[in-house]
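Trainee: To start, I am sharing the structure in question, which I have written as structure tokens.
Read-outs: derived from the displayed coordinates by stated rules, not from any lab. It should be emphasised that the depicted structure is a prediction, and the values quoted were computed from it without experimental measurement. FYI the Cβ positions are ideal-geometry reconstructions off the backbone, even for glycines, and counts take in every protein chain you see.
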Amino acid sequence: MDSAPAAPAAIDRLSTLLLESTGEGIYGVDLAGRCTFVNRAAAQMLGWRTDQVLGRNMHDLIHHTRPDGVKYAECDCPIFSAFRRGQPCRIDDDLLWRADGSGFPAEYSSYPIIEHGQVRGAVVTFVDISERKAAQALLQRHHDELEQRVAERTRELRELANHLETVREAERTRIAREIHDELGSLMVALKMDVQWLERRVGRAPAMAAVPAPSHNELPAKCQRMGGLIDTAVDKIGRIITDLRPSILDHQGLWAALEWQAQEWLRAAADQVQGRLQFHVAAGVEAPQGGLAIAVFRILQELLSNIARHAHATHVAIRLDVDAPPDPVLYLEVRDNGIGTTPEVLDAVRSHGVRGMRERAAHFGGELVIDSAPGAGTVVRLVMPLATPVRENTP
């Protein structure tokens, strides 16, 4: 046998129990915005007794002012839109007001009450999200502190890297000078001694126990020794240039960059067709010290990477420098080589790429690499030249 339907009084009692048992604040309003019911949780959160809320306009009571202190017009209230426009709403972060005049952040929903096809009012549920907001603020504060510490540590590491690079450049300069002054002069003296020996070997008497060399054998040997010495001198010059190109110190960055690009294109002429474009606005002085070294070394590294990895047949190098008062250097190196993937470029072991990016970042610049397998590579360096940077100049 079916059980008898519940009596209206029992249903009302059950509804009241449900409303009073929930932890969310719940209240209803009629078409005029007056409160028709309110549960215990809502009254407690708002700081009012139930009898003080019933019949009151809820917008005027708890939603009268915006967070910035500006009067909140009732016509703009999204809660009342639920019955005046038939549009339910859900607001994740707003401000409701207590009886004592204090406000609290709240999340609320408003849905129209419909009876026989007609809107009779709205039911509103809300929760106090003060603890959530406090937790979010605490999390954001910790996040900001962590970001600040990371930024400080990154700056410290960049300064350390720049200091180490400065020390390395100073050591390169010292070694280059010693090679030039000491080893270079020794090789010149040795070449002069070989030439002296070459002029006299023809007149030396032959030893009885040793067969006399042919007439041209000893002079030819001296000539080969002289050729080897010339090769050694040339290689020593190249080592000195790699360690610290004198053109960078004597003629400045613009001349050094153009010379480096021309030298590389000349050396690779059998495999690579090159195009070189340099344009420096009038009145722009070439930077010196660490910034100049950073730009020069970045170009060296780019060209070295092309030679080792790109298998390119065409390379275009372009330098543009804006006019004062805020000059910016733009260096672009483009090749039609095999290209690579972003994963390879961003890999931890891509020390060359990471080193170039760190060099640029230390002086406020940026190095961007666009590459894809089979599509070649474009590297763009943007370096502000007017930004003062603390540095130790070698």
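Trainee: Starting from the 7 Å offset along Cα-to-Cβ, what nm value, one decimal, do you get for the label separation of residue 232 and residue 349?
Mentor: So the label points at residue 232 and residue 349 sit 3.8 nm apart.
Trainee: Provide the packing ranking of 320-332, 23-35, i.e. peptides ordered by the mean count of other C-beta atoms within 10 Å per residue, highest first.
Mentor: 23-35, 320-332
Trainee: Let me ask something else about it. Count the net charge of all other residues whose Cβ sits under 12 Å from the Cβ of residue 334, scoring Lys and Arg as +1 and Asp and Glu as -1.
Mentor: Local charge sum for residue 334: 0.
Trainee: Once both labels are modelled 7 Å past Cα along the beta-carbon direction, what's the residue 144-residue 73 spacing in nm?
Mentor: Calculated label separation equals 3.4 nm.
Trainee: Another question, then. By average Cβ neighbour count within 10 Å, what is the ranking of 264-277, 289-302 from highest down?
Mentor: 289-302, 264-277
Trainee: OK, next. Mind checking which lysines have their C-alpha under 17 Å from residue 191, skipping anything on the same chain fewer than 8 residues away?
Mentor: Filter leaves 221, 235.
Trainee: Let me know the volume per residue of the alpha-carbon convex hull for segment 307-394, in Å³.
Mentor: 117
Trainee: Let me ask something else. Alpha carbon centre of segment 281-355 versus segment 359-378: separation in Å?
Mentor: 7
Trainee: Here's something else I'd like to know. Amide H neighbours of residue 106 under 5 Å, at least 5 residues apart or on other chains, H built in the peptide plane: list them.
Mentor: Residues meeting the criterion, in which the H sits 1.01 Å from N, are 94, 95, 96, 129.
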